[in-house]
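A.B. asks: A single structure is presented below for examination.
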Amino acid sequence: MTDITSDSVSGRQNERSGAAIPATNGSASEALEAPSREELTAFVELLFFAYREFTAGPDAILDEYGFGRAHHRVLHFVHRNPGLRVADLLDILRITKQSLARVLKQLIDQGFIMQRAGNDDRRVRRLFVTAKGSRLAEKLTSLQVKRIESALMEAGKGANDAAHRFLFAMIAESDRPGVQALLKLPDSATRAR
């Protein structure tokens, strides 16, 4: 990977392609210049490094339990959505039934998640975290919340709104309504300005 510094990214300002993209402030008459290929590649690399830091703390804790990132994702979404159906979890995670079954079995066997039949349809499996699962989910989330809070504070005024818009724009347009409903985001966080 290339060295990424603010100088190396800002030094590429003159390499822009010249293509225009719509502005995000709602004004059709204004346009932003499209970033160059090198600038976009630097963003890819920044995402790699940011994700590495975002997952480092939780990965170390998960390792103590013999768990990985798939366990973390399952625990996180079940914790945030008590009674989540297994079918819905498959849609959220986009992993195979086989992969989910293996991870769920470990989390259930070790007492982090419990599974109950649905009230209306006994064939539907609903997932809930146990007290033990809730403690682990909170511990992992707290690490990541602190990292995000610190980064937003360091990035300065307007970073919260810009980060919401950027991350939401990274999601496929067809998936955005479901993600917005799942995450219970305020409308202002997903609306382009």
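A.B. asks: Using alpha carbon coordinates only, what is the Rg to Rh ratio of the range 35-193, with Rh defined as the Kirkwood radius?
C.D. replies: Using Cα coordinates only, the ratio equals 1.00.
A.B. asks: Please report, in debye to the nearest 20, how large the charge dipole of the range 90-139 is about its Cα centre when each Lys and Arg carries +1 at its beta carbon and each Asp and Glu carries -1 there.
C.D. replies: Taking the Cα centre of the range 90-139 as origin, the dipole is about 120 debye.
A.B. asks: Another question, if that's okay. Rank by packing, highest mean first: peptides 76-87, 39-50, with packing defined as the count of other Cβ atoms within 10 Å averaged across residues.
C.D. replies: 76-87, 39-50
A.B. asks: If I take all pairs of Cα atoms in the range 56-102, what percentage of them are more than 13 Å from each other?
C.D. replies: Percentage above 13 Å: 56.
A.B. asks: Here's another thing I want to ask about it. Determine how large the accessible area of K105 is when every protein chain is in place; take a 1.4 Å probe and give Å² rounded to the nearest 10.
C.D. replies: The accessible area of K105 comes to roughly 120 Å².
The values are calculated or read from the model by the stated rules, or taken from the named source; none is laboratory data. Here the structure is a predicted model, which is why all the values come from computation and not from measurement. Note that each Cβ is placed from the backbone with ideal geometry, even for glycine, and that neighbours are counted across all protein chains shown. Areas reflect the complete protein model, heavy atoms only, side chains present, ligands, DNA and RNA absent. Shrake-Rupley method; radii C 1.70, N 1.55, O 1.52, S 1.80 Å.
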